[in-house]
Structures are given as C-alpha cells and as structure tokens.
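Read the structure below first, then the notes.
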Amino acid sequence: MSDERKDLPPAAQRALAEAEERRKKAEAEAKARPRELGGRDGPDPARYGDWEKKGIAIDF
C-alpha cells in the first residue's frame, strides 16, 4: 500500500480495495467474452457517438 493510502481512513481504504477488486473482475470477464467476428474496430460507436464507416456518416 502506498504512503498516500496509509493516510486515508479505514473506510476509504476498504472502498479503494473493493473498487480494485471490481476492476479486476470486470477485466477478467471482458477477456472471457468471445471476440466478435466481422465487427467494427475501435471503440463502441453507441458509446462514443462515432457513427461513421469509410467516410459515410450513419444516423438513426
């Protein structure tokens, strides 16, 4: 544990530890999911609003 975390109250230290466990669990679940075949490269367009492919903008 770093010096910064030692200065935090016990409740804050527990919260940081729980958040780290959730991050590790989410990363493990993401790796376990099957890869999409033939899908788009890069970030999810629904999340980032990038509705464009090969220079053509798509709007729903």
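Values in this text are rule-based calculations from the coordinates and carry no lab data. The structure displayed is predicted, hence computed values, not measured ones. Cβ: placed from backbone, ideal geometry, glycine included. Neighbour counts: every protein chain shown.
Numbers for the structure displayed
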quantity: Sorted peptide list for 15-21, 32-38, criterion being average Cβ within 10 angstrom, highest first; calculated: 15-21, 32-38
quantity: Computed label-point distance, nm, for sites residue 14 and residue 31 using a 7 Å Cα→Cβ extension; calculated: 2.9 nm
